[in-house]
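Everything below concerns the one structure shown next.
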Ligand code: HEM
């Protein structure tokens, strides 16, 4: 305002004290000129009592695509606007780090690819991305098929015994078995039996989830670590996982030394197509601690996410028999009784749409976390360095502004002959795998994995919620879990009889009827 200018000029004439006052005045005027981000008011307990991303949806409808949430001395920016999400994740991604996420996950992922920032991230991303080349993903389809087959056998036994099954834990085991083989050629075999290492992985995962949702960091109190039984168990589990990883790295190093395969960009060792094998064969110059951090990160990143996608897909399918019918029809036509191959992935279009739509309604993780490293402008609002930001993918994916009938499960919303939906063609209204330079490296892997598992399960069985099953409600850690599991009744599928189409009937000379072979 004009009076500020007059006062500023007057103050300059008063010498040093005047100059000091002038500085103060300018800062105050700048602050006033800044547009203020709306502050969400309301009870904090409403936010902490349930899966935290649910109340954020109501606040988004009230306060808009960016608002500030205040918890005592801390404040967070909640972003639910696609253009702002795009600015943070892609257009100005250099100005943001993983912030709180890196602090929380340090104990288990160290400086692995998910929490890492800056130069460490750049170098590791450049080393790891090539490992997930096309030939690798194609080889993985076989692994997805074999592991899904083991799950089918397990379900077959439950059907014979007339027992209901808890699908969430089975999906978790399925994807653990897959990711262990895929990343470091280790067979957890958790679908068949429990062992120490499987338990250790779950202890580490639960701890990471607890730390991401706990309001008070008890684990940072120095003596607590040594006396709390829970923390002692965590330390022991991490030791076991680390020594297992060290052994696997050593075994793989020996294999690489003995083989005489030439390394090139689509290098693959048929006996061990794992990411670890690729990295070692590529001559990746990396400390063993960093390699372990990266393996651990991929183990976690690729395990619970895929498991959660399958859990919520089967929950959605249990309420949509018309979708199941279309799905089974496609799988019968494309696969018949075969194991899926990479060529089938293009043909299982409707199955892919089912996964796309499940990821829209239940994104894993439901929020992305960032911290601003410098001042920036988000939408019309200037923000300062050091802001903690949650991008609510949940809100973006359910925004009434961008989706028709946002809450309904409708795989048909994306035409089968259209492109596969992703953050680019949906302009950041849909980002199941993030976007920009930090986008998921396993997006193709995960899509095929969940497509193969879904196809193989629905072709053999029908799934319904078990009578008396607990209500399916959400809770959150890194991904969205159910509160009490997904209890289902599984029945063997009886294929509908093939009804001959009268128009394709062929009458032979001797009067016998033959059915045309295309049935
Ligand atoms: C990053 C989702 C499976 C490895 C991400 C991000 C998302 C995501 C949203 C971005 C995180 C952020 O920007 O803060 C998913 C979902 C999956 C899945 C929904 C399953 C359906 C996998 C698999 C792997 C994997 C199977 C490994 C083979 C990674 C890694 C990153 C990442 C390493 C970090 C990339 C970086 O920061 O450069 N994932 N992911 N993910 N994902 Fe996945």
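The values are calculated or read from the model by the stated rules, or taken from the named source; none is laboratory data. Computed from a predicted model, the values in this text were never measured in an experiment. Here the Cβ positions follow ideal geometry from the backbone for every residue, glycine too, while neighbour counts run over all protein chains shown.
Would you point out which residue out of 266, 260 is within 16 Å of residue 131 (Cα to Cα) and not in a helix (DSSP H, G or I)? Exactly one residue qualifies, and that residue is 266. Of the helices (runs of 4 or more DSSP H) contained entirely in region 295-394, those carrying at least 1 residues that are modelled with pLDDT of 95 or more and within 16 Å of the ligand (Cβ to nearest atom) fall at 304-318, 342-347, 349-361.
Rundown of residues vs (1) over 24 Å from the mean Cα position of the chain (by Cα); (2) within 16 Å of residue 177 (Cβ to Cβ); (3) surrounded by fewer than 17 Cβ atoms within 10 Å (Cβ to Cβ), yes/no style:
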residue	(1), (2), (3)
256	yes, no, no
261	yes, no, yes
270	yes, no, yes
280	yes, no, no
304	no, yes, no
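Quick check on residue 149: is it over 20 Å from the mean Cα position of the chain (by Cα), more than 13 Å from the ligand (Cβ to nearest atom) and not in a loop (DSSP other than H, G, I, E, B)? Considered against the rule, which asks whether it is over 20 Å from the mean Cα position of the chain (by Cα), more than 13 Å from the ligand (Cβ to nearest atom) and not in a loop (DSSP other than H, G, I, E, B), residue 149 comes out as yes. Of the helices (runs of 4 or more DSSP H) contained entirely in region 1-63, those carrying at least 1 residues that are in contact with a strand residue (DSSP E or B) (Cβ under 8 Å, 6 or more places away or on another chain) and at pLDDT 90 or above fall at 53-63.
Applying the criterion of being surrounded by 18 or more Cβ atoms within 10 Å (Cβ to Cβ), modelled with pLDDT of 95 or more and in a helix (DSSP H, G or I) to the residues of region 97-126, the residue that is nearest to the ligand (Cβ to nearest atom) is 121.
Just name the residue that is nearest to residue 141 (Cα to Cα) out of those in region 262-281 that are touching a helix residue (DSSP H, G or I) at 6+ places or on another chain (Cβ under 7 Å) and without any contact (Cβ under 8 Å) to a residue 40 or more places away in the chain. Among those residues, the one meeting the criterion is 269. Within the set 183, 137, the sole residue that is within 16 Å of the ligand (Cβ to nearest atom), surrounded by 21 or more Cβ atoms within 10 Å (Cβ to Cβ) and either at pLDDT 95 or above or within 21 Å of the chain's Cα centre (by Cα) (or both) turns out to be 183.
Please tell me if residue 422 is free of Cβ contacts under 8 Å to residues at least 60 places away in the same chain, within 12 Å of the ligand (Cβ to nearest atom) and out of contact with any strand residue (DSSP E or B) (no Cβ under 7 Å at 6 or more places or on another chain). The answer is yes for residue 422.
No other residue among 233, 225 is touching a residue at least 12 places away in the same chain (Cβ under 8 Å), within 27 Å of residue 288 (Cβ to Cβ) and surrounded by fewer than 18 Cβ atoms within 10 Å (Cβ to Cβ) apart from 233. Is it true that residue 456 is more than 16 Å from the ligand (Cβ to nearest atom) and in a helix (DSSP H, G or I)? Spelling it out, residue 456 is indeed more than 16 Å from the ligand (Cβ to nearest atom) and in a helix (DSSP H, G or I).
Within the bounds of region 172-191, is there any residue that is in contact with a strand residue (DSSP E or B) (Cβ under 9 Å, 6 or more places away or on another chain), part of a helix (DSSP H, G or I), in contact (Cβ under 8 Å) with a residue 24 or more places away in the chain and more than 16 Å from residue 459 (Cβ to Cβ)? The answer is no; no qualifying residue exists.
Filtering region 473-498 to residues that are outside any strand (DSSP E or B), touching a helix residue (DSSP H, G or I) at 6+ places or on another chain (Cβ under 8 Å) and modelled with pLDDT under 95 leaves 477, 478, 479, 493, 495. Residues of region 427-446 that are more than 14 Å from the ligand (Cβ to nearest atom) and crowded, with 16+ Cβ neighbours inside 10 Å: 429 alone. Going by the structure shown, is residue 466 more than 19 Å from the chain's Cα centre (by Cα), at pLDDT 95 or above and within 16 Å of the ligand (Cβ to nearest atom)? No; evaluated as a whole, the condition is false for this residue.
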